[in-house]
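Supplied in structure tokens, the structure appears directly below.
The values are calculated or read from the model by the stated rules, or taken from the named source; none is laboratory data. Computed from a predicted model, the values in this text were never measured in an experiment. Here the Cβ positions follow ideal geometry from the backbone for every residue, glycine too, while neighbour counts run over all protein chains shown.
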Amino acid sequence: MNIIDIHAHILPGVDDGSADLDESRKMLQEAYSQGIRAIIATPHYHRGQDIDKLKELTGILRQEAQKLDPGYGIFLGQELMDSEDILDELRKGHALTMAESRYVLIEFLPNVSYSRLYQRLRQLKMAGYLPIAAHAERYGCLREEGRIEEVIEGGSLIQMNYRSLTGNILNKNTRWCRRQVLRGNVHLLGTDMHNTGARAPRTREAMAWLERHCPKKELHRLVKKYPEYILNKKEGIVR
Ligand SMILES: [Fe+2]
């Protein structure tokens, strides 16, 4: 199945992801071998960053991707960190949405309080954005029964990392993540790739589990159809 990866630190030299173009090229190749056919690059937002530079690097990366396959799609988004001024930064165009859509990928500190997380997501939603909680498996506050559902009912989307679905079945974290997928509490998956080493783009193991446990239609939604909603600026991602 052709995968669209919506979470990737693959732009060279801009954050804690790829160090240079050579590493980005290798990440593109590795991602391709894992079934990925389009990537939304999501460098970490930081104040005062040169957005034009990010766009330029996206263009360079796209050219590299198209050398591998003319259909390999590269788009630009950003991974925003929860902060008081993030909405203002979005409105001013200093922080980016996902591939020029209304979708916004936002991360929180792992120990964020539930009220803070919930309120930030609501604030973005009320302002007309479509917030996606990045690697939602990291936030301890969402482990309490019913909370992830409440966040979804409040209009937010849940992204989980492919890697979190892998590992030992006895691992509590792996089990929790898999359960959320089976309950329909996950809308989007991402590699969150950072390099060609410990945080390389890996989907194969997670896909093997997904193929065994998810209905085909559901799997297609997770890895391709819903990411296409972002690329096509279409709303309507549902549980
Ligand atoms: Fe990330």
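I need the full set of residues from segment 202-218 which are closer than 15 Å to Asn2 by Cβ, touching a helix residue (DSSP H, G or I) at 6+ places or on another chain (Cβ under 6 Å) and outside any loop (DSSP other than H, G, I, E, B), in order please.
Within segment 202-218, just Leu210 meets the criteria.
Quick check on this structure: which one of Glu137, Glu100 is at pLDDT 95 or above, under 23 Å from Asp192 (Cα atoms) and assigned to a helix (DSSP H, G or I)?
Glu137
A follow-up question, please. Mind listing whichever residues of segment 166-188 are at pLDDT below 95 and either buried (at least 18 other Cβ atoms within 10 Å of the Cβ) or β-branched (Val, Ile, Thr) (or both)?
Ile169
Please go through segment 219-239 and pick out each residue that is outside any loop (DSSP other than H, G, I, E, B) and either within 15 Å of Leu157 (Cβ to Cβ) or touching a strand residue (DSSP E or B) at 6+ places or on another chain (Cβ under 7 Å) (or both).
Residues satisfying the conditions are Arg221, Leu222, Val223, Lys224, Lys225, Tyr226, Pro227, Glu228, Tyr229, Ile230, Leu231.
Give the residues of segment 16-62 that are more than 16 Å from the ligand (Cβ to nearest atom), of a type in the set (Gly, Ala, Ser) and either modelled with pLDDT under 95 or under 17 Å from the mean Cα position of the chain (by Cα) (or both), sorted by residue number.
Listed by number, the residues that qualify are Gly35, Ala38, Gly48.
I would also like to ask the following. Where residues in segment 1-15 are within 13 Å of the ligand (Cβ to nearest atom) and of a type outside the set (A, V, I, L, M), which of them is farthest from Leu157 (Cα to Cα)?
Only one residue tops the list, namely Asp15.
Note down all Cβ pairs under 6 Å where the first residue falls in segment 169-197 and is closer than 17 Å to Leu157 by Cα, the second is buried (at least 19 other Cβ atoms within 10 Å of the Cβ) and among the acidic types (Asp, Glu), and they're at least six residues apart or on different chains.
Between residues of segment 169-197 that are closer than 17 Å to Leu157 by Cα and residues that are buried (at least 19 other Cβ atoms within 10 Å of the Cβ) and among the acidic types (Asp, Glu), the close pairs are Cys177/Glu137; Gly190/Asp5; Thr191/Asp5.
Any residue at all in segment 66-75 that's surrounded by 20 or more Cβ atoms within 10 Å (Cβ to Cβ), at pLDDT 95 or above, in contact with a helix residue (DSSP H, G or I) (Cβ under 9 Å, 6 or more places away or on another chain) and not in a strand (DSSP E or B)?
No, every residue in segment 66-75 fails to be surrounded by 20 or more Cβ atoms within 10 Å (Cβ to Cβ), at pLDDT 95 or above, in contact with a helix residue (DSSP H, G or I) (Cβ under 9 Å, 6 or more places away or on another chain) and not in a strand (DSSP E or B).
So is Glu153 of a type in the set (Asp, Glu) and within 16 Å of the ligand (Cβ to nearest atom) or not?
Spelling it out, it is not the case that Glu153 is of a type in the set (Asp, Glu) and within 16 Å of the ligand (Cβ to nearest atom).
Still on this structure: Out of all the residues in segment 115-137, is one or more surrounded by 23 or more Cβ atoms within 10 Å (Cβ to Cβ) and among the polar types (S, T, N, Q)?
no
One line per residue, one yes/no per condition, for (1) free of Cβ contacts under 8 Å to residues at least 60 places away in the same chain; (2) farther than 23 Å from Leu157 by Cα:
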{"site": "Gln49", "(1), (2)": "yes, yes"}
{"site": "Ile60", "(1), (2)": "yes, yes"}
{"site": "Leu68", "(1), (2)": "yes, yes"}
{"site": "Gly77", "(1), (2)": "no, no"}
{"site": "Ser83", "(1), (2)": "yes, no"}
{"site": "Glu89", "(1), (2)": "yes, no"}
{"site": "Ser101", "(1), (2)": "no, no"}
{"site": "Pro110", "(1), (2)": "yes, no"}
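Hey, among the residues in segment 156-199 that are in a loop (DSSP other than H, G, I, E, B), under 24 Å from Ile10 (Cβ atoms) and out of contact with any Ser or Thr (no Cβ under 8 Å at 6 or more places or on another chain), which one's nearest to the ligand (Cβ to nearest atom)?
Among residues in segment 156-199 that are in a loop (DSSP other than H, G, I, E, B), under 24 Å from Ile10 (Cβ atoms) and out of contact with any Ser or Thr (no Cβ under 8 Å at 6 or more places or on another chain), the one nearest to the ligand (Cβ to nearest atom) is Asp192.
Inside segment 104-130, can you point out the residues that are within 16 Å of the ligand (Cβ to nearest atom), assigned to a loop (DSSP other than H, G, I, E, B) and within 19 Å of Leu188 (Cβ to Cβ)?
Phe108
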